[in-house]
Each structure stands twice: as C-alpha cells, then as structure tokens.
Amino acid sequence: MRRAVSIFGATGSIGQNTVDLLRRQGGAGAYDVKVLSGARNVALLAEQARELQADLVVTADETRLADLRAALQGSGIAAAAGAQALREAAEIPVDWAMSAIVGAAGLAPTLAMARAAKTLALANKESLVCAGELLQATCAENGCRLLPVDSEHSAIFQALQGGDGAISRILLTASGGPFRDWTREQMQGATLAQAVAHPNWDMGQRISIDSATMFNKALEVIEARQLFGDTRIEVIVHPQSIIHSMVEFADGAILAQLGAPDMRGAIGFALNWPERQDLPVERLDFAALSRLDFHAPDEGRFPALRLAKQVLAAGGLSGAVFNGAKEAALDRFIAGDIGFLDMAALVEKTLESLHVEASSASSLDGLAAVLDMDARAREIGMAWSA
Ligand code: NDP
C-alpha cells in the first residue's frame, strides 16, 4: 500500500528537498500524495503536483489561485487558496506530514497536522517556539509522533537513541553564520545580500538571515527545550557544520551525529524513521576534512543568544513574542528600513514591553491567545524606532 503523505511549504527549500527525496524513493508509485502547499510560486507547486500526482494543492496566496488553476488544467488535481483552505487541507489524515511553511504562518496548519497525521516531520521550528506546550499536547492527544527536521534537533534525537535518558547536557552546534568573525561595527553596515550568503547551508532567505544574526540558533535553543525538556543546553560554534549536535550523558560520554551539511539527511531520517534508507548525501572524508573547530559563542556580538535565555526564564508566551518581534525585525531589515544590529534591539525592546503579560500566559490557553500575542509583538516591532 502506498504511504499517504502531505507537504506544507512544498515550494520552499525544505519542501523542494522533501519532494526530491519522495521522487528518489519511488515518487507517485510509492507515495499517495494528498496535499502540497505553497504560496507565491504556483508554477513550481503545479509542477510538483503533476509529478507526484497530488490530490490537492493549496496556495496561501489567494491572488494566485487563478494562475494555479491554469497551471493545473487538465490534470484533475484540485486547487484551493487562503489560510482557511490551508488549515482544512492540513486536517486531511495522512501517515506522514511535513511542516515546512516559514514563520508563524505555519502554526495553525502545523497544529492541524498534529491532529491528522500519524507522524509530523517538523521543520517549522516557529511552532514550537510560539506554542510548544500546545503543539506537544495536541500531538499527545491525537497519537501523532513528532520528529524534528532541524538538523541539530534531528542529531540530538538520533544521539538520544544511544542513551537511557540520563542526559547531563545538550551541545547545540552553530556554524556562526556569514558574520562569525565580523566586528559589531562591520555588522551594523551589513547588507541583505551579505546576510543571506550562508557559508555552509543552502536555505530559504529568512532562515539564512536568522543564521547571520544567530536568531536561528536562539530559536533552536527554545525548540530544544520544548523537544527535550529541562536539560542544560549549550551553544558551541562549529564553523564546518559537520557535527550537527551532541548529547552528553551522566557518565560523561558524548554522542554526536555527523554528516555533510545537506538537509536531505535530516529530512530523509524523518521520512524513513525508524528505518534508515540510502540517501543522496555526500559521504564524509575525514582525511580531507582533517580538522573540526569549536569556539564559544559571543553574546556581545550576537545578542539573540542572550535573549533566548531570557525567553526561557520568562516562559509562558514569551516565545511567541520573541518570534513575532523577530519576524517584524526581519521584514523591516529586508525592506531596508532598519540596520542589521537593529533587529536584536527591536526584539529586546518588544520582549520588555510585553514581559508581564507574556510570562503569565500559556499556549495551552489556545491558538487564539498565541496568535494575539504574536500580533501584538509584530505591532510593537513595526512601530519601534532606534
Ligand atoms: P522557504 O522560504 O524556502 O520556504 C517557505 C515555504 O513556505 C514556501 O513553500 C513558501 O511558499 C511557503 N510560505 C511562505 N509564506 C507563507 C504563508 N504566509 N503561508 C503559507 N505558506 C507560506 O523556507 P525554508 O524551506 O528555508 O524554511 C521552512 C521552515 O523550515 C522554516 O520554519 C525554517 O526555519 C525551517 N528550517 C529550514 C531549514 C533549511 O535548510 N531551509 C533548516 C531547518 C529548519 P512560496 O515559496 O511558494 O512563496
């Protein structure tokens, strides 16, 4: 029997890698593709849907529905558009769903996937950052297995298979991004093109900029807390991105997961779990690598890491504020409205403004409460001035 799958965010970097793996593992002959979703790139979405013979495609962008329908003409594939259609499509039962929409826009569909999928492969870390308790509770209530797709969290998940749970710390590796060795003065003048040019990973625009600010690592610290509980989490800069993360156990043993920096490794692991299949990733040649480097992160140059600790200490809906403000900061940086270092200043100020309300609320209050906090954080962030 073909395995029923859906991919939300199919046209993005993670989504395209997921489609590539489905294709290599038998495509439409092996998978019963229920839903593919995208937003602006409806030409690619239609192409993917035709190839994988999907039942339904959804674009988040309602203005593109006519173009999507035109691109699907004669295929018999149904098309829909908008946030409501996206949520409904995510409620369609599947064996495996990939959550790879970027940003808090992925939250409602991800919660719907947690109700309808047997396994939820989660790339959309923002869902855990904004509403970790709610997402975990939804998975538990519906018997949905959540598998992390972020390479670091996939590595931790894999390393944990080798221990009995007595973890003493998690070592979350960070490449340090394109500005790893830049001074604050240099960073203040960083351009969008420089921020997007990640040295190791080929990713979407937004996560690439988040890697440059290390907001991505900050989100991952919060994500790790949500996934792996109240364990000590340390960030260690490892420029080569070969060790994807490590777990130290009570006896001092450290288990690491290593591999080439290619997201198809972590996506393929989540797709095939609990088995392992041959994946099209480069194999490591240790003699050619010759060395792996490590150093402590600099919270002075990368304040996002310090802010993540504040968010963990404050709890409640502070993660939703953090992410909402970060997304507003990103929008403003991309628009050329604020400088690179202003992004962290904006997020810090927004966290301060909403600290009392956010820390006393909970994602278990429901999706509406989370989205409300997200909207308030964005509003403050958009109005912020240096
Ligand atoms: P991309 O920007 O490449 O892709 C995002 C996807 O979401 C696209 O399919 C896009 O559609 C769609 N999309 C954009 N806006 C909306 C919206 N408002 N509503 C619904 N869909 C929307 O992102 P990435 O693939 O890089 O990242 C996806 C997620 O995975 C993020 O949460 C990121 O943090 C996480 N992640 C990514 C990694 C990577 O290597 N890229 C690594 C680890 C985690 P369209 O393109 O058609 O407009």
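The values are calculated or read from the model by the stated rules, or taken from the named source; none is laboratory data. Here the structure is a predicted model, which is why all the values come from computation and not from measurement. Here Cβ is always computed from backbone atoms with ideal geometry, including for glycine, and neighbour counts include all displayed protein chains.
Every listed requirement among (1) buried (at least 21 other Cβ atoms within 10 Å of the Cβ); (2) among the aliphatic types (A, V, I, L, M); (3) out of contact with any helix residue (DSSP H, G or I) (no Cβ under 6 Å at 6 or more places or on another chain) is met by L284 save one, (1). Restricting A296, A270, A325 to those that are loosely packed, with under 14 Cβ neighbours inside 10 Å, of a type in the set (A, V, I, L, M, F, W, C) and closer than 20 Å to E220 by Cβ reduces the list to A296. When you look at L21, is it more than 10 Å from the ligand (Cβ to nearest atom) and either at pLDDT below 95 or touching a strand residue (DSSP E or B) at 6+ places or on another chain (Cβ under 7 Å) (or both), yes or no? No.
Only one of these is more than 30 Å from I334 (Cα to Cα), polar (S, T, N, Q), at pLDDT 95 or above and within 16 Å of the ligand (Cβ to nearest atom): Q226, Q257. Name it. Don't jump to the end; show me each part of the working.
Details: Q226 fails: more than 30 Å from I334 (Cα to Cα).
Matching residue, one of Q226, Q257: Q257.
The one condition from (1) at pLDDT below 95; (2) of a type outside the set (S, T, N, Q); (3) in contact with a Pro (Cβ under 6 Å, 6 or more places away or on another chain) that G204 does not meet is (3).
Looking only at region 331-354, residues that are over 23 Å from A314 (Cα atoms) and in a helix (DSSP H, G or I) come to 4 in all. The single residue among A117, A81 that is at pLDDT 95 or above, of a type in the set (A, V, I, L, M, F, W, C) and more than 14 Å from the ligand (Cβ to nearest atom) turns out to be A117.
Take region 97-110 and flag every residue that is buried (at least 24 other Cβ atoms within 10 Å of the Cβ) and either among the hydrophobic types (A, V, I, L, M, F, W, C) or under 15 Å from V370 (Cα atoms) (or both).
Matches in region 97-110: A97, M98, A100, I101, A104, G106, L107, P109, T110.
Scanning region 303-322 for residues that are more than 12 Å from V221 (Cβ to Cβ) and surrounded by 24 or more Cβ atoms within 10 Å (Cβ to Cβ), we see that the one that is nearest to the chain's Cα centre (by Cα) is A320.
Here is a check on your reading of the model: is I7 outside any strand (DSSP E or B), among the hydrophobic types (A, V, I, L, M, F, W, C) and surrounded by 22 or more Cβ atoms within 10 Å (Cβ to Cβ)? Criteria not met by I7.
When each of A131, A104 is tested for being touching a residue at least 60 places away in the same chain (Cβ under 8 Å), hydrophobic (A, V, I, L, M, F, W, C) and touching an Asp or Glu at 6+ places or on another chain (Cβ under 7 Å), the lone residue that passes is A104. The numbered conditions (1) in contact (Cβ under 8 Å) with a residue 24 or more places away in the chain; (2) part of a helix (DSSP H, G or I) are all true for R301 except (2). Examine region 89-109 for a residue that is within 15 Å of the ligand (Cβ to nearest atom) and acidic (D, E), and state whether such a residue exists. So far as region 89-109 goes, no, none of its residues is within 15 Å of the ligand (Cβ to nearest atom) and acidic (D, E). Annotation: of all residues in region 53-64 being among the hydrophobic types (A, V, I, L, M, F, W, C) and within 19 Å of G103 (Cβ to Cβ), the one that is nearest to the ligand (Cβ to nearest atom) is A60. Would a scan of region 81-97 turn up a residue that is among the aromatic types (F, W, Y) and under 20 Å from the mean Cα position of the chain (by Cα)? Among the residues of region 81-97, at least one is among the aromatic types (F, W, Y) and under 20 Å from the mean Cα position of the chain (by Cα), which makes the answer yes. Return the pair list, or none, for Cβ contacts closer than 8 Å from residues in region 54-69 that are within 14 Å of L36 (Cα to Cα) and β-branched (V, I, T) to residues that are assigned to a loop (DSSP other than H, G, I, E, B) and near the ligand (Cβ under 9 Å from one of its atoms), at least 6 apart or on different chains. Listed pairs, sorted by first residue: T59/A39; T59/R40. Tell me, please, whether a residue that is within 15 Å of the ligand (Cβ to nearest atom), among the acidic types (D, E) and farther than 30 Å from K326 by Cα can be found in region 35-52. Checked against the condition, which is being within 15 Å of the ligand (Cβ to nearest atom), among the acidic types (D, E) and farther than 30 Å from K326 by Cα, region 35-52 yields at least one hit.
Among the residues making up region 229-239, those that are at pLDDT 95 or above and surrounded by fewer than 19 Cβ atoms within 10 Å (Cβ to Cβ) are R232, E234, I236, P239.
Quick one: would you say L279 is under 28 Å from L22 (Cα atoms) and of a type outside the set (F, W, Y)? Yes: the conditions hold for L279. Of all the listed residues (L128, L147, L160, L171), the sole one being in contact with a strand residue (DSSP E or B) (Cβ under 8 Å, 6 or more places away or on another chain), closer than 17 Å to A308 by Cα and surrounded by fewer than 24 Cβ atoms within 10 Å (Cβ to Cβ) is L171.
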